[in-house]
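So the structure is just underneath, and the comments pick up after that.
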Amino acid sequence: MSIQDPAPTGTRRRRDPARAREAVLDAALKRFSAHGYAGARIADIADDAGYSEALVYFHFHTKAGLFREVVARIDADTQWFDDEETPDAFVARMREGELRYHLDARWRALDRVWAEALGGERDLLALIRPQLRHSVEALEGLLGRFDRGKDSDKRQRALLLLAVSYGARMLRRYDPEAVSPEEAADLLAFAATAVVRDLGEEG
């Protein structure tokens, strides 16, 4: 038996899973940006999307799962990493991803949630930490392509790139005029260039 939801007209229609997911994710982004992670209620998100609360839980299971999907959808459009094989392509990809991040209003809309994380919101920290670890591991793997040395610390270099990226984001959150999106992207490209050059020269 399929899950159905009332259409706006009061008639019944068969659920379109893809459309339902997109509507819920759109509504969730708006709720998270307006009320933060703690203040966003599944019931309100479901109501905004025009679907039942049960359907939201059917697709995403928990609020944490829903938030994870909201972030993943934006992240997929940002295209941080790829299987590029040259240092120049890697640097260009990093710069492009950083610029897209700063220009994408969806990321900026989640600033309230990031502020909660900085404030030590435990549920949110538990959700974000695995994503950060995954980013470090992905960067380590990509940097391994350019490693000519035997004992280089790719993890340290990956953390350096993330520190530059997150540092520019913090500057822009506290003072949007301190660093432009283009300057933030150029900073990360500069750091990425230094990292891959250093790896190539080791040994």
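Taken together, the values in this text are just the output of simple stated rules run on the coordinates, not laboratory data. Note that the coordinates shown come from a computational prediction; the quantities given were computed from them, not determined experimentally. Cβ placement follows ideal geometry from the backbone for every residue including glycine, while neighbour counts extend to all protein chains displayed.
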What is the angle, in °, between the Cα long axis of helix 87-103 and the longest principal axis of the Cα atoms in the chain? Nearest 10 is fine, range 0 to 90.
40
What ranking do Arg31, Arg129, Arg73 get, fewest neighbouring Cβ atoms within 10 angstrom at the top?
Arg129, Arg73, Arg31
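Using only C-alpha atoms and all pairs of different ones, pull out the Kirkwood radius for the chain in Å with one decimal. Don't skip to the answer; put the middle values down first.
Values: mean 1/r = 0.0530 Å⁻¹.
Evaluated on the chain, it is 18.9 Å.
How high is the relative contact order of the chain, in percent, with contacts defined as C-alpha pairs under 8 Å that are six or more residues apart? Could you put the intermediate results ahead of the total?
Details: 201 pairs, mean separation 42.1, N = 203.
Worked out over the chain, it gives 21 percent.
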Can you give me the angle between helix 63-78 and the longest principal axis of the chain, using Cα atoms only, in degrees from 0 to 90, rounded to the nearest 10?
50
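With each run of n ≥ 4 DSSP H residues scored as -39500 (n - 2.57), what mean residue ellipticity at 222 nm is computed for the chain after dividing by its residue count and rounding to the nearest 500 deg cm²/dmol? List each step's numbers first, then the result.
Numbers: 10 runs with 149 residues, N = 203.
Mean residue ellipticity, 222 nm, calculated: -24000 deg cm²/dmol.
For the pair Arg106 and Ala138, what calculated FRET efficiency results from E = 1/(1 + (r/R0)^6), where r is the Cβ-Cβ distance and R0 = 25 Å, to the nearest 0.05?
On the way: r = 21 Å, r/R0 = 0.84.
For Ala138 and Arg106, the calculated efficiency is 0.75.
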Between the Cα axis of helix 17-39 and the main Cα principal axis of the chain, the angle (0 to 90°, nearest 10) is 80
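In debye, nearest 20, what is the charge dipole magnitude of region 23-167 about its Cα centre with +1 on Lys and Arg Cβ and -1 on Asp and Glu Cβ, if you could check?
Details: 21 positive and 25 negative charges, 73 e Å.
In debye, rounded to 20, region 23-167 gives about 340.
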